[in-house]
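As structure tokens, the structure follows; a few thoughts come after it.
The values are calculated or read from the model by the stated rules, or taken from the named source; none is laboratory data. The model shown is predicted, which means the values in this text are computed figures rather than measured ones. Please note: Cβ atoms are built from the backbone with ideal geometry, for glycine as well, and neighbour counts cover all protein chains shown.
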Amino acid sequence: MEQEMKTKKNKEVPLSIAVVILNWNGRDLLLDFLPSVLQHSQSANIYVADNASTDDSVSIVNKEFPSVKIIQNKENGGYAKGYNDALKHLSEDIFILLNSDVEVTENWLEPILDIFHKEAVTAAIQPKLLDYRNKNYFEYAGAAGGFIDMLGYPYCRGRIFDSLEEDHGQYNDDTYISWASGACLAIRNSAFYEAGGLDESYFAHQEEIDLCWRLQNLGYKIKYTGGSRVYHLGGATLNTMNPRKTFFNFRNSLFSLLKNAPGAAAFFLIFFRMILDALAGIKFIAAGKFAHFYAILQAHLSFYRHITILLEKRKNLPKKKDYYSQKSIVISYFIGGKRKFSDL
């Protein structure tokens with residue numbers, strides 16, 4: 001870690017904040033969700049990073065929200081390249097990568113900033129992520145913080161596979177996690193660049209898991225705070241039943257394993273993952289979802305094409321692996337019938 005966080009600041013030195021909303025043809029989402037961001041983020045600079053939209057997003061923002069600054073990317077490079085391109089223009093201490101379909105709440109920034117002030121080792125933070133459509137339930141994309149099982153499968157407190165928990169205050173704590181959701185990811189500027197930014201080969205989905213994994217490989221920690229609450233619409237780019245999302249989720253998960261899992265065990269994990277992915281493909285065939293089966297096949301072919309590059313990226317990994325679970329979430333969920341994080 002860069003000289004034990006030379007950039008550590010105390011509470012007497014305010015942290016500057018950039019809330020950055022990536023947009024691609026999302027004019028209606030901006031109209032619906034930007035007002036809450038402006039109302040409850042007065043201590044931050046608000047940016048819309050536009051990924052070469054073909055609708056009137058930019059003109060709408062300029063007209064309806066003149067205080068919001070526009071960053072115009074030259075192309076639609078997806079989540080990873082879109083943010084990498086946009087953040088190059090910013091110098092604030094803290095970046096908050098916020099989806100365009102997120103409603104924030106009063107005082108949502110204060111608990112996040114308080115942790116950054118107190119904990120120099122914490123590089124990234126996620127607030128409580130609830131469902132915009134059903135506000136008593138956790139939302140799929142991050143719920144109450146992400147974890148990684150022994151085979152590299154991501155899951156969350158409050159969401160395991162498609163099982164979502166109701167929010168009864170059971171996750172109102174602050175705790176260290178394995179990964180923070182890209183729907184609302186607060187990260188130190190210095191740590192973002194020390195880790196190399198987002199991996200643009202992912203394009204979209206799970207790139208935040210990879211980034212958080214790399215940050216932990218550098219010695220940083222990732223944290224969830226239940227004191228901050230936001231509501232995520234979800235599925236605004238690709239819904240959960242879109243084969244394109246299946247492709248990215250299966251492929252990018254393999255990317256992260258090969259890049260970040262320590263030691264020779266990574267190759268055994270990938271072998272077992274391929275067996276389980278094959279079983280998932282058979283399940284899609286049985287359900288008549290042939291497009292999703294084809295998406296898994298394409299995901300594996302894309303993974304093979306990237307192996308040389310991925311092996312280069314996994315150089316100098318540490319041997320420790322204490323930031324992911326020794327349990328198999330697949331066995332716990334599908335065989336053990338455990339649907340809640342508290343049951344694991």
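Taking the range 40-66, which residues are farther than 22 Å from Ile187 by Cβ and in contact (Cβ under 8 Å) with a residue 24 or more places away in the chain?
Start the filter on the range 40-66 by keeping residues that are farther than 22 Å from Ile187 by Cβ, which leaves 52-66.
Scanning the range 40-66 gives Ala52, Ser53, Thr54, Asp55, Asp56, Ser57, Ile60, Val61, Glu64, Phe65.
Sort out which residues of the range 290-318 are without any contact (Cβ under 8 Å) to a residue 24 or more places away in the chain, of a type outside the set (A, V, I, L, M) and part of a helix (DSSP H, G or I), and write them in order of number.
Kept after step one, since they are without any contact (Cβ under 8 Å) to a residue 24 or more places away in the chain, are these residues of the range 290-318: 290, 293, 297, 301, 304-305, 308, 312, 315-316.
Filter once more, keeping what is of a type outside the set (A, V, I, L, M): 290, 293, 304-305, 308, 312, 315-316.
Correct list: Phe290, Phe293, Tyr304, Arg305, Thr308, Glu312.
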**Request:** Take the residues in the range 175-206 that are modelled with pLDDT under 95 and within 23 Å of Glu103 (Cα to Cα), then tell me which one is farthest from the chain's Cα centre (by Cα).
**Result:** Ala204
**Message:** Could you check the range 77-107 and list, in sequence order, the residues that are out of contact with any helix residue (DSSP H, G or I) (no Cβ under 8 Å at 6 or more places or on another chain) and in a loop (DSSP other than H, G, I, E, B)?
**Reply:** Lys88, His89, Asn99
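Which residue, of His232, His306, His292, His300, is at pLDDT 90 or above and touching a Pro at 6+ places or on another chain (Cβ under 7 Å)?
Working: His232 fails: touching a Pro at 6+ places or on another chain (Cβ under 7 Å); His306 fails: touching a Pro at 6+ places or on another chain (Cβ under 7 Å); His300 fails: touching a Pro at 6+ places or on another chain (Cβ under 7 Å).
Being at pLDDT 90 or above and touching a Pro at 6+ places or on another chain (Cβ under 7 Å) holds for just one of His232, His306, His292, His300, which is His292.
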**Prompt:** How about the range 113-139: which of its residues are within 16 Å of Ser36 (Cα to Cα), in a strand (DSSP E or B) and more than 14 Å from the chain's Cα centre (by Cα)?
**Reply:** Leu130, Asp131
**Message:** On the basis of being touching a Gly at 6+ places or on another chain (Cβ under 9 Å) and either part of a loop (DSSP other than H, G, I, E, B) or surrounded by fewer than 18 Cβ atoms within 10 Å (Cβ to Cβ) (or both), does Glu110 make the cut?
**Reply:** yes
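Select from the range 45-59 the residues that are touching an Asp or Glu at 6+ places or on another chain (Cβ under 8 Å) and surrounded by fewer than 21 Cβ atoms within 10 Å (Cβ to Cβ) and list them in ascending order. Let's see the steps before the verdict.
Taking the range 45-59 first, the residues touching an Asp or Glu at 6+ places or on another chain (Cβ under 8 Å) are 45, 49, 51-52, 57-58.
Correct list: Asn45, Ala52, Val58.
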**Fill in**
Counting only helices (runs of 4 or more DSSP H) entirely within the range 205-286, those with at least 2 residues that are surrounded by fewer than 19 Cβ atoms within 10 Å (Cβ to Cβ) and in contact (Cβ under 8 Å) with a residue 40 or more places away in the chain are 243-260, 265-286
**Request:** Go through (1) part of a helix (DSSP H, G or I); (2) touching a Leu at 6+ places or on another chain (Cβ under 8 Å) and name the single condition Ser201 misses.
**Result:** (2)
**Message:** Cβ-Cβ distance below 7 Å, separation of 6 or more or different chains: which pairs start in the range 151-172 with a residue that is among the polar types (S, T, N, Q) and end on one that is in a loop (DSSP other than H, G, I, E, B)?
**Reply:** Ser163/Arg339
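Would you say Asn62 is crowded, with 18+ Cβ neighbours inside 10 Å and either among the polar types (S, T, N, Q) or at pLDDT 95 or above (or both)? Quick ask: steps written out before the conclusion?
Details: crowded, with 18+ Cβ neighbours inside 10 Å: no; either among the polar types (S, T, N, Q) or at pLDDT 95 or above (or both): yes.
The answer is no for Asn62.
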**Message:** Can you find a residue that is outside any strand (DSSP E or B), modelled with pLDDT of 95 or more and over 16 Å from the mean Cα position of the chain (by Cα) anywhere in the range 141-163?
**Reply:** no
